[in-house]
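Trainee: One structure, pasted below without further comment.
No lab work stands behind these numbers, since they all come straight from the coordinates. All figures in this text were calculated on a predicted structure; none of them were measured in a lab. Because the Cβ atoms are built from the backbone with ideal geometry, glycine has one as well, and the counts that use them run over all protein chains shown.
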Amino acid sequence: MTHSKARLIRSLLVALFVALPIIAAAQGAVRPDADQRVQKIVAAVSQDRLQQLLTRLVSFGTRETLSNQASTTRAIGGARQWIFDELKRSSPRLQVSFDTHQIAPQGRITRQVELRNVMAVLPGKSPRRIYISGHYDSLNLGDRGQAGLNTGGGGNPQASAEFNHDVEAPGANDDGSGTVLTMELARVLAESDVDFDATLVFICWAGEEQGLIGSAAHAQDLVAAKATVEAMFNNDIVGNSRGGNGVVDAESVRVYAVGPEDSMARSLARYIARAAAVYVPSHQIRLMAREDRFGRGSDQSSFTQAGYPAIVFREANENFSKQHSANDTLDGVDFAYLAQNARVNAGAAAALALAPSAPKVTNERGQNLLSRGASGYDADMRWAASPGAVAYRVYLRDTWSNDWQRQQTIGNLTQFVLPNVSIDDFVFGVSAISGDGQESLVSAYVSPVRRSAEVKVIK
Ligand SMILES: [Zn+2]
């Protein structure tokens with residue numbers, strides 16, 4: 001161990017002993033890692049209901065964005081009304097609505113269309129929002145489906161005038177799986193009788209297959225309304241455990257989170273991994289430090305673009321030959337696996353919705369509240385108090401590592417000094433903790449890339 005590391009650990013230990021009586025006073029008694037309210041929510045996820053919902057959803061034949069809107073039994077018009085009715089039926093606490101947009105022709109939207117996202121809001125004590133989503137629209141690109149596109153099978157046929165929008169497109173896994181996961185979580189969280197701090201929004205998108213149209217329109221409205229969105233859990237293709245290469249994995253799920261390293265999306269991904277370890281220890285979270293898979297995307301990117309922390313869940317091994325074809329049928333969905341992925345979403349979203357908002361670690365001008373302190377050689381962290389927080393937890397790690405290495409819970413403070421710790425050599429973060437022990441996302445102090453003015457030269 002280097003001299004400076006030893007010094008760092010010593011200073012943390014000293015600070016920990018100083019802080020201990022404060023923590024003990026705040027907590028009163030030893031608290032288990034898992035919150036019983038969240039455990040009950042996770043246990044309420046029903047594999048049978050996921051299967052019932054998906055069987056019904058697939059029975060509409062297609063849910064293609066430009067498919068028939070008039071029929072109540074087939075295509076997108078019937079499907080969205082059924083999702084609406086089912087959400088409404090599942091709990092009186094849910095405020096269910098259509099989020100309707102008139103979309104002009106553009107790209108793969110070849111004619112003007114009325115697009116409807118289906119939304120259920122579970123109001124919390126605070127208007128700050130946590131989103132859980134999947135896209136209910138489906139797509140059939142022909143025999144080879146997505147595998148054809150992946151292997152360079154010509155342009156996207158959707159842009160052609162001859163494209164048949166009413167052909168069979170069951171979309172059981174893409175993204176019927178994410179749709180019914182969202183619907184089941186709406187039921188489970190609303191029926192839990194837990195009063196969440198955050199407002200939970202369960203939303204089933206349309207227009208994803210034409211370029212994230214529904215989520216982009218919604219995100220634009222959020223920005224215009226200056227809404228606070230603290231997290232977006234997107235689920236797209238989360239129900240199949242057998243890859244097209246024959247590899248079977250029903251014990252893990254991938255979480256893609258866009259960078260940079262200390263983005264709030266990465267913070268959200270780390271949070272999900274920790275929550276899953278507590279509430280669904282039988283399931284493994286594989287964190288992916290990138291926006292999404294190669295050449296593929298989904299609705300989380302609409303939120304990223306709007307400046308909101310967003311991640312996407314993706315099944316462990318995909319079967320590309322089923323996606324975007326008539327073969328994306330119910331028999332390709334492993335409901336036990338889908339239920340595990342739903343439990344991970346439920347545990348992490350419920351815990352986060354009970355927590356205070358993450359501390360703000362920048363000032364009005366966006367500058368870090370991190371300095372070298374009075375001595376010029378300390379790490380002096382400051383932050384704005386989060387409403388409802390009774391304690392904070394400070395984190396640090398080496399700049400070259402990608403997850404927190406040390407942490408320490410402190411009292412109800414908005415400043416913490418680590419003596420003789422260089423702010424240049426570590427990354428620092430802070431989270432807020434509520435009276436009932438729920439922790440927020442970790443806000444990191446990030447140094448932005450410095451931009452210098454263009455040098456004027458005389459030619
Ligand atoms: Zn999809």
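Trainee: Can you give the helix-only mean residue ellipticity at 222 nm for the chain, where every DSSP H stretch with n ≥ 4 adds -39500 (n - 2.57) and the sum goes over all residues, rounded to the nearest 500 deg cm²/dmol?
Mentor: Numbers: 10 runs with 137 residues, N = 459.
Result for the chain: -9500 deg cm²/dmol, rounded to the nearest 500.
Trainee: Here is a follow-up. In what sequence do 369, 181 fall when counting other Cβ within 10 Å, fewest first?
Mentor: 369, 181
Trainee: So what are the ³J(HN,Hα) numbers for region 374-388, from phi and the Karplus equation (6.51, -1.76, 1.60; θ = phi - 60°), rounded to whole Hz, Gly and Pro as x?
Mentor: Listing the rounded values in order: 5, 6, x, 10, 9, 9, 10, 9, 10, 7, 7, 4, 8, x, x Hz.
Trainee: I want to check the label-to-label distance for residue 407 and residue 374. Put each point 7 Å from Cα in the C-beta direction and report it in nm to one decimal.
Mentor: Distance between the two pseudo-spin positions: 3.1 nm.
Trainee: For the chain, what relative contact order do you get, as a whole percent, if you take Cα pairs closer than 8 Å and at least 6 residues apart? It would help to have the intermediate numbers written out before the result.
Mentor: Numbers: 1021 pairs, mean separation 80.8, N = 459.
This gives 18 percent for the chain.
Trainee: Place a point 7 Å from Cα of residue 424 in the direction of its Cβ. Which residues in region 337-379 have their backbone N less than 16 Å from it?
Mentor: Output list for this probe position: 371-373, 375-379.
Trainee: Roughly how tilted is helix 75-90, in degrees to the nearest 10 and between 0 and 90, from the longest Cα axis of the chain?
Mentor: Between helix and principal axis, roughly 50 degrees.
Trainee: How far is the Cα center of region 130-200 from the Cα center of region 230-297, in Å?
Mentor: Between the Cα centre of region 130-200 and that of region 230-297, the gap is 17 Å.
Trainee: If you don't mind, there's one more thing I want to ask. Which cross-chain or sequence-distant (5 or more) residues have an amide H under 5 Å from the amide H of residue 319, H modelled 1.01 Å from N in plane?
Mentor: So residue 319 has HN proximity to 244.
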